[in-house]
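Below you'll find the structure, written out as structure tokens, and then a few comments.
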Protein chains: 4
Amino acid sequence: MVLGHESAGIVVDVGSAVSSLRKGSRVALEPGVPCRRCTACKGGKYNLCEHMIFAATPPYDGTLARFYRLPADLCYELPEHVSLEEGAVVEPLSVAVHIVRQSGLRPGDTVVVFGAGPVGLLCLAVARAFGAAKTVTVDINDERCRFAESFAATGAFRPAKDESAEQGAARLVAESDVGAGFDVAIDASGAAVCIQTAIHALRRGGSYVQGGMGRPEIEFPITAMCTKELHMHGSFRYGTGDYKLAVEMIASGKIEVKRLITGRFPFRDAEEAFRQTKAAKGIKILIEGPEDEP
Amino acid sequence: MVLGHESAGIVVDVGSAVSSLRKGSRVALEPGVPCRRCTACKGGKYNLCEHMIFAATPPYDGTLARFYRLPADLCYELPEHVSLEEGAVVEPLSVAVHIVRQSGLRPGDTVVVFGAGPVGLLCLAVARAFGAAKTVTVDINDERCRFAESFAATGAFRPAKDESAEQGAARLVAESDVGAGFDVAIDASGAAVCIQTAIHALRRGGSYVQGGMGRPEIEFPITAMCTKELHMHGSFRYGTGDYKLAVEMIASGKIEVKRLITGRFPFRDAEEAFRQTKAAKGIKILIEGPEDEP
Amino acid sequence: MVLGHESAGIVVDVGSAVSSLRKGSRVALEPGVPCRRCTACKGGKYNLCEHMIFAATPPYDGTLARFYRLPADLCYELPEHVSLEEGAVVEPLSVAVHIVRQSGLRPGDTVVVFGAGPVGLLCLAVARAFGAAKTVTVDINDERCRFAESFAATGAFRPAKDESAEQGAARLVAESDVGAGFDVAIDASGAAVCIQTAIHALRRGGSYVQGGMGRPEIEFPITAMCTKELHMHGSFRYGTGDYKLAVEMIASGKIEVKRLITGRFPFRDAEEAFRQTKAAKGIKILIEGPEDEP
Amino acid sequence: MVLGHESAGIVVDVGSAVSSLRKGSRVALEPGVPCRRCTACKGGKYNLCEHMIFAATPPYDGTLARFYRLPADLCYELPEHVSLEEGAVVEPLSVAVHIVRQSGLRPGDTVVVFGAGPVGLLCLAVARAFGAAKTVTVDINDERCRFAESFAATGAFRPAKDESAEQGAARLVAESDVGAGFDVAIDASGAAVCIQTAIHALRRGGSYVQGGMGRPEIEFPITAMCTKELHMHGSFRYGTGDYKLAVEMIASGKIEVKRLITGRFPFRDAEEAFRQTKAAKGIKILIEGPEDEP
């Protein structure tokens, strides 16, 4: 199966009914084609469409190809000053946009994001662009924490090994100076202890989004969720308006996705790109299209 | 400590600034007095007030007393045709109103409620009054299921012992004929297996409310919650407008709370009332005020 | 041009990919086909699609025809006990469902509807089914008021000729016993004086929906709207879920649309049907399809 | 009557139960004390309280006084680096925060604000801080337009005398390059022609807020509002969280309110300050408290 779903490219041809694009348009590709007819699609939640055709999700091939066919409304034209490289990062940025939107974040809110990988970092940046007053990163890796602080976090928290989730949460809240708890918590790690800590670190009535994926079942503090009357939301891919907003945020300079691009490989060395990504070297590693090759 | 927080009574005196009530008014009592000044109170979520003074919650005495003092805005006048007995059931009905409101239920939705105790039964009735198209009760007790069906459930489901949560959910969805899953699931049981089954029985984008309380931590299907993009909400007591709506629903005959009153004891036999409640005899057992005694 | 957009019929053939319907299915027809690709469509608001193909809206022919082609997802199967006649009334009922949904009506709210024509009557019925505590009809025609009260209104109000909008509103609020004003006001008349009265009859923070259409511009109390912090919503046709809910409400007996059907004409007498409708005789007059003719 | 409701000051004494403030605290004053018990107050909308005691609103005196008594929860402590002068501008900034919140503005939205007086300017700045992609100012005064562009507007539009509202709207939309219309329109002028133009300049499903006040009744394009399914909201003063967010936006440097302060007068020359404000000289003119005098 062909891999790839984070990509940008140049339009080589359009159908006769297409007016929004033309040959030569530089576009970011939204890699899922919904059925457009089910209740989810017609209800504004096409990311939940059960008939979705998604790149690199069996049995459908992905975008690591010389040519890829996509409906025009899923191609987002990039302004001149936005590079194709930045266009490829629209995908993970859209994931983050969707996560933060699911949280119902309001300007002035305090936010904590667990996990400082690409999605966690982008969630911090989106939260800040949405007007969050505080954006705290939580990660066990010092280097990641420092990068997060240089990128979009107003503070960093390193969990201690011997703390319970409740103890860690209490320390996180106190060190972050957020009163009785955070307004919003986002998990971009999938780790059980992060999820537990997040629940305990929220104020009453606070909002939580599950963005990361780990074990399918975890030990979960359900009573705290109930009595603090928390609001929890799943987040799956991206939907209406997410790609458009992600492009706008890059184009306007609100989010510097360039800083996340830590490697580039020609198409023929794609395997090495995957090897380094798997080894967690750098943040985002790009594979250049064949047309850029000598 | 004095117990009691589900109660109604007759006003014996009012302060000079009170115009909404007078001596002799028959009222349902909302048993929590919020601080009215914190962020939660001013934000329309006074049930989340950290300074709440709540009846029978230490160190505050409850309402099982001859006289009880309460701000006028927390006393809800009962229309003539509504009895004090019904007035006492406004409290658990308000719990159910709050739970169903937390779910964001929309008319035409399909709803499943786990647990057919008083709160579960009232959740079914509230969901139906809010326009739910289907209201399915889940309980292991046959008699409770039958009562639920006679009261407000459009169907009943009895879990099987040897089923996994996912198997039970699949059977529940199929037997209830609700397509890809329920729109809304409410847990009024607190049991881990119910909570797990509920998550698996929801459609993508569905809504869940935790109403019941059991163990503080449970094994929870977090990945299903994430990828189905569910919305989960805690529910704690009742807040703005809940008591008022509960009274309206009783007064208009939309919910027949009388049917839940299965026993009555004079004040001097209150201990026996508690004994029977603890033994799960009947549904709601009332203790009559001393003024009703011979 | 062929007229007609309120209709039901029997499926004569389906495409090979259709599984939700089969030859012989009895269906209500949603008469607008959206583009499914624009921002409105993908955002869950397909009724606002600028590329909509709507029956009997130039240049598109309507449904007063022996055969009509429609995508399967816009055909709503009718349960056996629901007649095709009732199926034809799903269209105006969906208009009413959409209007009431736009209002954000919550169970327990008090509602006033201006105009007791078909849409106004159906708005009253929908509001009641959604849990409204009071549903007041306003019409200058006594007979219509009486019918509304027998159908779905809890009270009726007849405007007086010599009253200003503010005076009428004050009398309406007082006679309806709704405290400082209604929670929700719906205009299904399009008349300027109704719209003005509605604004003045709302409580602070109340909600208004414009359902009726009259003159394009009217004298409007903008300062009252501003300082009472009202929420006003337009309503255009129907969208996601409206048709489905309308069918459910008829099927479950929540709304007796049969009572609105006051006349029937065979296809060959369609002209007389239009003549009577134009003369405001009766409420809804049906034209029977040619296949029902001898 | 004593005037004044935009003010900041230094705490001279606190009651024994107050822990959030102490003598010497520098605070912005929220000048309205709600009853805290009515439905509006308990519903999170205390700005709509009918029993509000508001500074300088008869019969209540305002804040242009040496001492002023206020509940602690309505005093917002200013960080050290925020001056009392900036603190006095928290009031109009809160008005703007409330207006923009009423609009439901989402990050990435396009916004047009009619009127470039203090509130209009602050609405532009708040919209930008909330993540608006475009913020267009509309004013007939060239100087104001230029200031708005230097402050928070991404573009400016000057209405032409001989244009109808519809023509002006069409030109505004085209020159602003916002597709089929703006997502959000805010009127901070109160002028009928602005309100009409705003309605016509919105896209289908767009959102409008009435912030300015002019004549109580105006000619209004009700049919356009209906068929475009617009959402209109009044806006009255400020409520839950608005003051807190306004202080945060000043403290974090997101909004430079200092630039709006164009004059200062000692207390004894207050009359001259009012004279200049009435003559529309400058933007915001401050009156210094007596304790700052020599």
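The values are calculated or read from the model by the stated rules, or taken from the named source; none is laboratory data. Computed from a predicted structure; not experimentally measured. Methodologically, a virtual Cβ is constructed for each residue, glycine included, from the backbone with ideal geometry; neighbour enumeration extends over all protein chains shown. For accessibility, only protein heavy atoms count, side chains too; no ligands or nucleic acids. Shrake-Rupley method; radii C 1.70, N 1.55, O 1.52, S 1.80 Å.
Taking a straight line from the alpha carbon of residue D:45, these aspartates and glutamates sit under 13 Å away, with near neighbours fewer than eight places off in the same chain left out: C:229, D:242. When +1 charges are put on Lys and Arg Cβ atoms and -1 charges on Asp and Glu Cβ atoms, the dipole computed for chain B relative to its Cα centre reaches about 520 debye. For the options C:198, C:65, C:279, a Gaussian network treatment of chain C with springs between C-alpha atoms closer than 10 Å singles out C:279 as fluctuating the most.
Of all lysines in the structure, those lying under 24 Å Cα to Cα from residue B:23, and not within fewer than 8 positions of it along the same chain, are B:244.
Distances between equivalent label points of residue B:37 across the copies, with each point positioned 7 Å along Cα→Cβ, amount to 1.6, 6.1, 6.2 nm, shortest listed first. The gain in end-to-end length when the residue A:161 to residue A:276 segment is fully stretched comes to 38.6 nm, 0.36 nm per residue minus the alpha carbon separation. Rounded to the nearest 20 debye, the dipole magnitude of the protein assembly as shown is 0 debye, with +1 charges on Lys and Arg beta carbons, -1 on Asp and Glu beta carbons, and the Cα centre as origin. Copy B relates to copy C by a rotation, and the B residue whose beta-carbon is nearest that axis, with the distance in whole angstrom, is B:131, 3. Projected over every direction and averaged, the convex hull enclosing the alpha-carbon atoms of segment A:177-265 yields 8.6 nm². Rolling a 1.4 Å probe over the heavy atoms of the protein chains gives chain A an accessible area of 43 Å² per residue.
Burial here means at least 20 square angstrom less accessible surface with every protein chain in place than with the chain by itself, probed at 1.4 Å; in segment B:229-263 the buried residues are B:229, B:231, B:232, B:233, B:234, B:236, B:240, B:245, B:248, B:254. Spatial offset of segment A:179-215 relative to segment A:1-23 amounts to 38 Å, using the alpha carbon center of each. Residue A:71: net charge of surrounding residues, Cβ under 13 Å, Lys/Arg +1, Asp/Glu -1, itself excluded? So the surrounding residues net to +3. Filter the GluC sites (Glu not before Pro) in segment C:195-294 down to the DSSP loop ones having no more than 13 other Cβ atoms within 10 Å, then list what survives. Answer by residue number: C:256.
Which value in nm describes the separation of the simple spin-label points at residue C:22 and residue D:12, placed 7 Å from the Cα toward the beta carbon? Output for this residue pair reads 8.7 nm.
If I take every Cα pair under 8 Å that is 6 or more residues apart in chain A, average their sequence separation and divide by the length, what percent do I get for the relative contact order? Relative contact order, chain A: 16 percent.
Mean residue ellipticity, 222 nm, helices only, chain A: the sum of -39500 (n - 2.57) across DSSP H runs of n ≥ 4, divided by residue count and rounded to 500, is -9000 deg cm²/dmol. Bridge orientation summary for chain A: considering DSSP beta bridges with both residues in this region, about 25 percent are antiparallel. Distance from the alpha carbon centroid of segment A:62-105 to that of segment B:222-272 works out to 46 angstrom. For segment C:149-222, the Cβ-based charge dipole about the Cα centre amounts to some 60 debye (Lys, Arg positive; Asp, Glu negative; other atoms uncharged). Placing a label point 7 Å from the Cα of residue D:61 along the Cα-to-Cβ direction, the residues of segment D:251-294 whose backbone N falls under 15 Å from that point are D:290. Put the Cα centre of segment B:149-170 next to the Cα centre of segment A:112-158 and the gap is 43 Å. Restriction of the trypsin sites (Lys or Arg not before Pro) in segment A:19-90 to DSSP coil positions whose beta-carbon has at most 16 other beta-carbons within 10 angstrom yields A:22, A:23, A:37, A:66, A:69.
Counting Lys and Arg as +1 and Asp and Glu as -1, what is the net charge of the other residues whose Cβ lies under 11 Å from the Cβ of residue D:180? Here the count lands on +1. Residue C:134: which aspartates and glutamates have alpha carbons under 15 Å from its alpha carbon, excluding same-chain residues fewer than 8 sequence positions away? Hits, sequence-local ones excluded: B:248, C:109, C:149, C:175, C:177, C:183. Beta bridges per DSSP, both residues in the protein assembly as shown: antiparallel share near 30 percent. For segment C:1-133, the alpha carbon convex hull comes to 145 Å³ per residue, rounded to a whole number.
In segment C:97-177, a dipole from Cβ-located charges (positive for Lys and Arg, negative for Asp and Glu) runs towards its positive end, and of C:98, C:132, C:116 it is C:98 whose Cα lies farthest in that direction.
Placing a label point 7 Å from the Cα of residue C:1 along the Cα-to-Cβ direction, the distances to the matching points in the other copies come to 4.9, 5.6, 7.1 nm, shortest first.
Within the shell defined by Cβ-Cβ distances under 9 Å, the residues around residue B:264 carry a net charge of -2, with Lys and Arg each +1 and Asp and Glu each -1. Buried surface between chains A and B: roughly 3300 Å² of accessible area, summed over both sides, computed with a 1.4 Å probe on protein heavy atoms only. Pair-distance distribution of chain B: all C-alpha pairs, bin width 10 Å, starting at 0; shares per bin in whole percent are 6, 27, 33, 22, 9, 2, 0. The loop-placed chymotrypsin sites (Phe, Trp or Tyr not before Pro) in segment A:15-71, going by DSSP, that have at most 15 neighbouring Cβ atoms within 10 Å of their Cβ come out as A:67.
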